[in-house]
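Following this message is one structure expressed as structure tokens.
The values are calculated or read from the model by the stated rules, or taken from the named source; none is laboratory data. Note that the structure is a prediction, hence the values are computed from the model and not measured. Here Cβ is always computed from backbone atoms with ideal geometry, including for glycine, and neighbour counts include all displayed protein chains. The area values use the complete protein model at the heavy-atom level, side chains included, leaving out ligands, DNA and RNA. Shrake-Rupley method; radii C 1.70, N 1.55, O 1.52, S 1.80 Å.
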Amino acid sequence: VQLVESGGDLVQPGGSLRLSCAASGGTFSLYATGWFRQAPGKEREFVGQMTYTGGRSYYADSVSGRFTISRDNAENTVFLQMNSLKPEDTAVYYCAATMIFPSRSWSQYDYWGQGTQVTVSS
């Protein structure tokens, strides 16, 4: 499975962005999909995860209520809608796929995208 993220940008505090993760090369619909982020000098951080059906999801406390994951298995694409963005949300965002749900451990994910930069600044 190959994953390609897009949608990262520079946005002002309080703004919104929607990231996309397009999958190819495998049965993506069988995998739970997670989003992680990594800021400079920090460890990779779990953001949220959704089951392969899209029926269940959960999020890190730091983004709960502001970020929402959705997926379109017909299009092999997963989305991360980010609202009320804060400067501390600035990071490279990665999507990843795993057969394990729930999982917030990056080591349990089998496939990763290359990342997309999100910068929140005025």
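Cβ contacts < 6 Å: first residue in a loop (DSSP other than H, G, I, E, B), restricted to the range 87-114; second residue surrounded by fewer than 21 Cβ atoms within 10 Å (Cβ to Cβ) and of a type in the set (S, T, N, Q), any location; separation 6+ or different chain. Result?
THR90/THR119; ILE100/GLN108; PHE101/THR51; TYR109/THR98; ASP110/THR98
Taking the condition basic (Lys, Arg), touching a Phe, Trp or Tyr at 6+ places or on another chain (Cβ under 9 Å) and in a loop (DSSP other than H, G, I, E, B), does ARG37 pass? It would help to see each step written out before you state the result.
Working: basic (Lys, Arg): yes; touching a Phe, Trp or Tyr at 6+ places or on another chain (Cβ under 9 Å): yes; in a loop (DSSP other than H, G, I, E, B): no.
The answer is no for ARG37.
A follow-up question, please. Could you please give the count of residues in the range 71-97 that are at pLDDT 95 or above and of a type in the set (S, T, N, Q)?
4
Condition first: at pLDDT 95 or above and in contact with a Cys (Cβ under 9 Å, 6 or more places away or on another chain). Can you find one or more residues in the range 36-50 that meet it?
Taking every residue of the range 36-50 in turn, at least one turns out to be at pLDDT 95 or above and in contact with a Cys (Cβ under 9 Å, 6 or more places away or on another chain).
Continuing with this model, one more query. On the given criteria, is THR98 surrounded by 15 or more Cβ atoms within 10 Å (Cβ to Cβ), within 12 Å of the chain's Cα centre (by Cα) and among the polar types (S, T, N, Q)?
Working: surrounded by 15 or more Cβ atoms within 10 Å (Cβ to Cβ): yes; within 12 Å of the chain's Cα centre (by Cα): no; among the polar types (S, T, N, Q): yes.
No; evaluated as a whole, the condition is false for this residue.
Moving on to the next point. Considering every residue within the range 69-85, establish whether at least one is closer than 13 Å to VAL118 by Cβ and surrounded by fewer than 16 Cβ atoms within 10 Å (Cβ to Cβ).
Restricting attention to the range 69-85, the residues satisfying the condition of being closer than 13 Å to VAL118 by Cβ are 80-83, 85.
Right, trim to surrounded by fewer than 16 Cβ atoms within 10 Å (Cβ to Cβ) and you get 81, 83.
Yes, the range 69-85 contains a residue that is closer than 13 Å to VAL118 by Cβ and surrounded by fewer than 16 Cβ atoms within 10 Å (Cβ to Cβ).
Among (1) open to solvent by less than 70 Å² (accessible area, probe 1.4 Å); (2) outside any strand (DSSP E or B); (3) over 18 Å from LEU3 (Cβ atoms); (4) in contact (Cβ under 8 Å) with a residue 12 or more places away in the chain, which single condition is THR119 missing?
It is condition (2) that THR119 fails.
Examine the range 69-84 for a residue that is outside any strand (DSSP E or B), polar (S, T, N, Q) and under 27 Å from PRO13 (Cα atoms), and state whether such a residue exists. Break it down stepwise before answering.
To start, the set of residues in the range 69-84 that are outside any strand (DSSP E or B) comprises 73-76, 83-84.
Now narrow it down to the ones that are polar (S, T, N, Q): 73, 76, 83-84.
So of that shortlist, the ones also under 27 Å from PRO13 (Cα atoms) come out as 83-84.
Within the range 69-84, one or more residues are outside any strand (DSSP E or B), polar (S, T, N, Q) and under 27 Å from PRO13 (Cα atoms).
Scanning for something open to solvent by 50 Å² or more (accessible area, probe 1.4 Å) and hydrophobic (A, V, I, L, M, F, W, C), does the range 29-43 turn up at least one residue?
Initial filter on the range 29-43 (open to solvent by 50 Å² or more (accessible area, probe 1.4 Å)): 30, 38, 40-43.
If we keep only those that are hydrophobic (A, V, I, L, M, F, W, C) as well, we get 30.
Checked against the condition, which is being open to solvent by 50 Å² or more (accessible area, probe 1.4 Å) and hydrophobic (A, V, I, L, M, F, W, C), the range 29-43 yields at least one hit.
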